[in-house]
1. Taking amide hydrogens as modeled 1.01 Å from N in the peptide plane, which residues meet the under 5 Å criterion relative to I207, leaving out close sequence neighbours?
2. For region 236-388: lysine pairs with Cα atoms under 24 Å, gap of 8 or more or different chains, count?
3. Taking only Cα atoms, what is the 0 to 90° angle, nearest 10, from helix 403-418's long axis to the longest principal axis of the chain?
4. If you average the C-alpha positions of region 500-568 and of region 209-241 separately, how far apart do those two centres end up, in angstrom?
5. Round to the nearest 10 and give me the degree value, 0 to 90, for the angle of helix 2-14's Cα axis relative to the longest principal axis of the chain.
6. Can you send over the carbon and sulfur percentage of the accessible area for the chain, probe radius 1.4 Å, protein chains only?
7. Looking at the P(r) of the chain, how many percent of alpha-carbon pairs lie beyond 42 Å?
8. Between the DSSP loop rule and a limit of at most 16 other Cβ atoms within 10 Å, which chymotrypsin sites (Phe, Trp or Tyr not before Pro) in region 378-441 are left?
Amino acid sequence: AANRALLAAPTARETVRSGGTRLFKKQGKASFSSRGSLAACSAAFAAGAMSSMRRRHREAQLSQRMSSTTMLAGEREYDYDLFTIGGGSGGVRGSRWAASQYNAKVGLAELPFAIVSTKDTLGGLGGTCVIRGCVPKKLFIYGSHFKEDITDAAGYGWSLPDGAGPVLDWEKLVAAKNAEVTRLNGIYNKLLNGAGVDYFEGYGRIIDPHTVEVDGKRYTTKYICVATGGRATRLPIPGCDLPGVVTSDEALALPKLPKKMVVVGGGYIAVEFAGYFHGYGSEVHLVFRQDLPLRGFDEDVRAHLKDILVAKGIHVHSGESPLAIEEAGDGKLVFKTDKGSELTVDSVMFATGRKPNSWDLGLEEAGVELDKRGGKVLVDEYSRTNVESIFAVGDVTDRINLTPVALMEGMAMAKTMFGGGEPAKPDHENVPSAVFSQPPIGTCGLTEEDAAMKYGSVDVYLTKFKPMKHTMPTGRGEEEKMLMKMLVISEGFEGAGRVVGCHMVGAEAGEMMQGIGVAMKAGASKVHFDSTVGIHPTAAEEWCTMRTKTRTTTAADVEASSKAPVAA
């Protein structure tokens, strides 16, 4: 019966093709290849009943998918079941998932590929993360460590001939990075093709709740997904658009390594870029308005990282705001702050936030509500806007702006749209993340203050130590000092003993935090960590040996500290 259904399915789908567009390419190939499975089933019975059962189970699953395909197509009133505007992580994943898992007919629009993007002409499949964000940044960070590694080697007996040392070829580095992100862009194109998604290269905008336009041509669609991400911003101060003033987009493609530069901002992009430029030999001045970097992170993490940035030799200008940038001749810039600092530099990089890329997409004309202050697309727990047929995922919604979160949102959205009436909402609780500062930060769960306010009282376990590698005479122990912190709900409060926050500064923090994120997602308690045997000698074993409580923080403590007068 399963094989008969498979043989009939292509004809049923064929009757609902529209406009000559290929429908369900991947599933069509699968159905044709399964025609020979009638004979294969007989062979399987001869080979053994178990093999036959497995094959029939797979065929039944495929038959069910084909039946749902026919149903979708038969009911279709539009050119597409889903049309996505934006080919970054969330848009591509949601589109692929809808096409491959739910047999939806999907179209996707994205701008032509370029290393540096523009609002309406240049972009590329893969989006910010792949082309001008996570991936190239991490590649640059890898490379920036090698000089330190050579320095550390001296503490282990290695030496170089007098006067010898590493020489950086910046142009070669940038070219290699560009080649890799270009390769990944091509892979994203193949992934869409493999899932049967129709890719349109051009600028997409919404005409009405069921119509999109790509470079003048219109397509109707049952659902629309907006996945246009965000764009780097510059502070509107005099000189912000001078040559040599860049954002993270351009900083990843500079033709020449700056000898001296200013990075404006205290967020994760700022500390990451400051770290890698410093590693390559630039004199880096990090300027931010607050006393500590990384607003929103745990306070112990913020203070620890600031100390390390200073120990590494990065010039930290905390509590300063930029006033103006002026040309100084010979390609130089003068950067001025409200505290009287004047720095003559080769480049100024703004890392002062990203804005949701929601304007000039036709959203407001279609009735979609945007946040009045920041422009983010407002969505419910299922990523649906106030317009029933329009969804949004990823950074354009400004929820948790991380690539894996956008992937999760895209898959949940596809299930909500096509999962047979079973809506799925992405789970934004206990999302592990990393900041690739030097050394990196890993975090999962709540900060100390947030945990105390949510649960009433938390026990704090905190340890700082020099990593084993730097107990040898590398001379960099203070630069690499580790911090680990665990937050546990106090006895007498609901959920007592459960771990609700883990934070770390130190080598391999991101790698460790991925595993800790799994434990916290499973509801791990402090007892679970304490009863786990540590791996020795590693830094990770400290998570299993923090037995002595550092302090207890209550909601009342947090409220009292927030009311305390701030020192002038």
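1. V212, E213
2. 19
3. For helix 403-418, the angle is close to 20 degrees.
4. 40 Å
5. Computed tilt is about 90 degrees.
6. Details: 14430 of 26570 Å².
Carbon with sulfur: 54 percent of the solvent-accessible area.
7. Working: 53103 of 161028 pairs.
Roughly 33 percent, once rounded to a whole number.
8. Values: sites: Y382, F391, F418, F436; in loops: Y382, F436.
Passing both the DSSP loop test and the Cβ count: Y382.
The values are calculated or read from the model by the stated rules, or taken from the named source; none is laboratory data. From a predicted model like this one, the values you see are computed outputs, not experimental measurements. Counting neighbours? That spans all protein chains shown, and the Cβs are built from the backbone with ideal geometry, glycine included. For accessibility, only protein heavy atoms count, side chains too; no ligands or nucleic acids. Shrake-Rupley method; radii C 1.70, N 1.55, O 1.52, S 1.80 Å.
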